[in-house]
Structures are given as structure tokens and as C-alpha cells.
Amino acid sequence: MNRRDMMPLFIVIAAMIVLNILNGDFSDFGSWVYRQLLMLPGIVIGLTVHEFAHGLVSDRCGDPTPRAQGRLTLNPAAHIDLIGFLCLFFAGFGWGQPVQIDPRYYKHRRMDEFLVSIAGVTMNFIVAVALAFVLRLIMHSGSAFFSTTTGDVILNMVQYGIFINLVLMIFNLIPVPPLDGWGILTQLFDLEKYRWYPIVYQNGFYILLALILFNVTSLILDPAINGIWSWMLNTIVI
């Protein structure tokens, strides 16, 4: 994406930051920085495993592209997109470096593309569940360590790790290109056969920005995340 194409994104990011300021998110800047630092491990892990999963599944489906480009690794440096990372850190939404795939290598194209599309969000869900079990162990350990400053930091990092992975999962399931939800929907209903498909696909980025700017994504994210967190709390943590 060239600089001209990125301009609408920068405008939306700036608008989101301004809205966060107006909402008082930066009123206590020290607390905000501390909270963001607690979220940092979750952001790095969430973005890394999401993109790694896409590459791994595409590789297993016969596509050599992710392996050739060094994407079959859990090294965050291979998957973190600087702008997407900063957006998630400052504006509340973001992305990793998209894994490039070549569906021509797939033996069962629609099924394989579906599996590749759903791999990232599935991995985020698995990580969120795993961290919920870690949180359960912490909550039931009875250890005085978690009453200390260091223990409290670890506890908060685990909780934020769950939250970030749920955000990445739900956000990417929104059925708008270039998100995974669009790829999943495309393969389930063979949307590429419709005339309007190329139009939506080519303009999906702008549609997504509009949804973010007008807070439509929050109407999807908030109840979904709260619902899943409540389920995890009642079935895993407690």
C-alpha cells in the first residue's frame, strides 16, 4: 500500500486518538502508559500467533510461500507491522504483517482457503483459553506472591493477554475485507462468483475504516468480548 492509499488510515487513526483524548483516556498519562505496558506482551503474542497460524496452515496445505518468506516462526520480528502495532497501542485497533499466500498450490482451494482464513482467529482463541487456565491457577494458588507488586503485574498481564487475544479474534471475524471474516464468508458462500464481489473487495479497506470511525466495530466487539469473557470466567477461571 503506497503513501497515498495510507492517507485515509492515518486520518482515522488521528481521529481515534483525538476521540480517546476527549474521552479522557489520556487524562492520567502515567496510568495510561502503565496500562499500555501491561498490554504489551498480549499485543506482541496475539499478533505473532495470529500471523504464524495463517502461514503454518497455508504451508500444510501445500503453499511454500510463507516458509520461503520466513513466516513459519514465532519470532515477533517476522510478523509485527510497525504501523499496525502502533495503531493497536495508541488507537485501540491494529494488525500484524499479513502473510502472503498463493492459493494456486492448494489441492482443495475453497476448503484450504477457508482453513487458512480461520487459522489466525482460532489461534487467538486458543491462546486466550490457555491464558484463562493460567489465570485460574493464579487465582486458586493462594500464593502471597500475587499480592506483591510484581505478582500483581503478572496477574494484570495475563488478564490483558486474554483481552487482547479476544479483541484480535472478534475484530478479525468482522466480515469486511481485508479481515479474516471476509475470507471465511467468501469460501463458505463462494462469494467470488458474484459481480459485486470485486467492488466490495477493492473498497473493503475504506468500508472498514468507516466502520471503525463511526464506532460500529465497538458495537460488535464490546458485547462479543464481554460474552466470551463471562463464559471463560464462569467455566474456566472460577
Is there a residue in the range 138-149 that is more than 15 Å from the chain's Cα centre (by Cα), part of a helix (DSSP H, G or I) and touching a residue at least 12 places away in the same chain (Cβ under 8 Å)? yes
Give the range 180-215 a look and list any residue that's in a helix (DSSP H, G or I) and over 29 Å from A91 (Cα atoms), or say none. Q187, L188, F189, L191, E192, K193, Y197, P198
With the condition kept exactly as written, say whether any residue in the range 157-175 is over 21 Å from G227 (Cα atoms) and at pLDDT 95 or above. no
Determine which member of the set A144, A91, A132 is open to solvent by less than 20 Å² (accessible area, probe 1.4 Å) and more than 30 Å from L22 (Cα to Cα). A132
Subset of the range 94-114 [buried (at least 19 other Cβ atoms within 10 Å of the Cβ) and among the aliphatic types (A, V, I, L, M)]: V99, I101
Give the residue that is modelled with the lowest pLDDT, with candidates limited to residues of the range 22-41 that are closer than 20 Å to P76 by Cβ and of a type outside the set (A, V, I, L, M, F, W, C). Q36
Kindly list, by first and then second residue, each pair from a residue in the range 202-215 that is exposed (fewer than 15 other Cβ atoms within 10 Å of the Cβ) to a residue that is not in a loop (DSSP other than H, G, I, E, B), limited to pairs with Cβ atoms under 7 Å and residues at least 6 apart or on different chains. Y206/P8
Of residues in the range 184-238 being in contact with a Lys or Arg (Cβ under 9 Å, 6 or more places away or on another chain) and under 30 Å from S141 (Cβ atoms), the one modelled with the lowest pLDDT: I238
Determine if the range 100-113 includes at least one residue that is touching a residue at least 40 places away in the same chain (Cβ under 8 Å), within 22 Å of I45 (Cβ to Cβ) and among the hydrophobic types (A, V, I, L, M, F, W, C). no
Determine, yes or no, whether D190 is more than 24 Å from A130 (Cβ to Cβ), of a type in the set (D, E, K, R) and either open to solvent by less than 60 Å² (accessible area, probe 1.4 Å) or touching a Phe, Trp or Tyr at 6+ places or on another chain (Cβ under 6 Å) (or both). yes
Hey, L166 within 22 Å of G120 (Cα to Cα) and either without any contact (Cβ under 8 Å) to a residue 40 or more places away in the chain or touching a Lys or Arg at 6+ places or on another chain (Cβ under 7 Å) (or both) or not: no
For the range 147-165 the number of residues that are surrounded by 21 or more Cβ atoms within 10 Å (Cβ to Cβ) and farther than 15 Å from L38 by Cβ is 0
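Let's see how each residue does on (1) more than 22 Å from M157 (Cβ to Cβ); (2) over 12 Å from the mean Cα position of the chain (by Cα); (3) aromatic (F, W, Y):
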| site | (1), (2), (3) |
| --- | --- |
| G46 | no, no, no |
| V57 | yes, yes, no |
| G70 | yes, yes, no |
| G84 | no, no, no |
| W95 | no, no, yes |
| P98 | yes, no, no |
| F114 | yes, yes, yes |
| T122 | yes, no, no |
| A128 | no, no, no |
Does L168 satisfy the criteria of being under 27 Å from the mean Cα position of the chain (by Cα), open to solvent by 20 Å² or more (accessible area, probe 1.4 Å), closer than 30 Å to A119 by Cα and hydrophobic (A, V, I, L, M, F, W, C)? no
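The values are calculated or read from the model by the stated rules, or taken from the named source; none is laboratory data. All values reported here derive from a predicted model rather than from experimental measurement. Quick reminder, even Gly has a Cβ in these numbers, built from the backbone with ideal geometry, and neighbours come from all protein chains shown. With ligands, DNA and RNA removed, areas are computed over all heavy atoms of the protein, side chains included. Shrake-Rupley method; radii C 1.70, N 1.55, O 1.52, S 1.80 Å.
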